[in-house]
Amino acid sequence: MMELDDLALAAALKEDHETLAASAPVPPPALVFWRATIRARADAARVAERPITFAQSFAATCVIAVALMAVGAIWNEMPSLVTQHALMIVLTLAFCLLVAPIAVFVALSD
Amino acid sequence: MTEDAFRLFYDRTARGLWAYLARISGDRRQADDLLQECYYRFLKSSAPIEDEAHRKNYLFRIATNLVLDAKRRPRVDETTPEHDDDPALRAPGDAAADAARRMDVDRAMAKLRPRDRAMLWLAYVNGSSHKEIADTLGLQTTSIKLLLFRARRRLAALLAE
């Protein structure tokens, strides 16, 4: 009796499988392979970029730390330095303001 | 794997794999999404493949893990069953009876746990051995016989309702 039930069960499942498989909306293999290739490349690029991003973050942190140390070292002489080199400071700031948008544009464009 | 080798393998397995995904997940749309993911992971993998049967089992193991992982995550867009628009259900005579029987299997399978569905499908549709089922589902080979017996009994009871 159990054996008969097993056979009926197997037949029902196989029939179910055949119906589902016949109506399966599977994409063409070339498309699946192409998508997988593109995704694998993107994943590889992401993995390769990780150390670069880390190095950039580390460098930026170092620059900020050095700048803060430099400011701290000349903090007491700051008023006299600003008075003496006012024109140079203004020109440097203006140059930075001019160049910064261009630098951002170049950095973000491909 | 070369594209030509992949094409041959895909032609042999894609429809069966989609049916497996659709039945185990109980969601055809999810099966569409997971099919691509299965083959992506399969192609990306560098696991040593012994033969064609091992390759197929490996693909189904990926599919099983993907479905079980998806089941653990709550879905945002819960899908409704897609049986009502099945044209076979509207057909007269034998076609309608066949469709009703398929729907019984569909509903009964939906009430089983995903692991039980996978086990029954692998055993009865794919004809996998106990060892292959154990490998695919990450279970002990010795426990498959009992688990399969229980799953089979549950499905038989649900079909008899």
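A short reminder: the numbers here are calculations on the coordinates, not readings from a lab. Note that the structure is a prediction, hence the values are computed from the model and not measured. With ideal geometry, Cβ positions are generated from the backbone for all residues, glycine too; neighbour counts draw on all protein chains shown.
What the table below lists for this structure:
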read-out: Pairs, first on the phi > 0 side of the Ramachandran plot in the stretch B:6-31, second assigned to a helix (DSSP H, G or I), C-beta under 6 Å, six or more apart; value: B:G26/B:A110
read-out: Qualifying residue in the stretch A:26-46 (condition: under 30 Å from B:A110 (Cα atoms), more than 7 Å from every other protein chain (Cβ to nearest Cβ) and surrounded by 10 or more Cβ atoms within 10 Å (Cβ to Cβ)); value: yes
read-out: Matching residues, the stretch B:1-28, being within 10 Å of chain A (Cβ to nearest Cβ), surrounded by fewer than 23 Cβ atoms within 10 Å (Cβ to Cβ) and basic (K, R); value: B:R7, B:R15, B:R28
read-out: Every residue from the stretch B:137-153 that is buried (at least 16 other Cβ atoms within 10 Å of the Cβ) and out of contact with any Leu (no Cβ under 6 Å at 6 or more places or on another chain); value: B:L137, B:I144, B:L147, B:L148, B:R152
read-out: Failed item, numbered, when A:M78 is tested on (1) surrounded by 10 or more Cβ atoms within 10 Å (Cβ to Cβ); (2) within 30 Å of B:A118 (Cβ to Cβ); (3) among the aliphatic types (A, V, I, L, M); value: (2)
read-out: Residue list for the stretch A:80-101, restricted to those being out of contact with any helix residue (DSSP H, G or I) (no Cβ under 9 Å at 6 or more places or on another chain) and among the β-branched types (V, I, T); value: A:T83, A:V90, A:T92, A:V99
read-out: Residue list for the stretch B:108-136, filter: outside any helix (DSSP H, G or I), more than 12 Å from the chain's Cα centre (by Cα) and buried (at least 18 other Cβ atoms within 10 Å of the Cβ); value: B:L112, B:S128
read-out: Total residues in the stretch B:35-77, condition in a helix (DSSP H, G or I) and within 12 Å of chain A (Cβ to nearest Cβ); value: 10
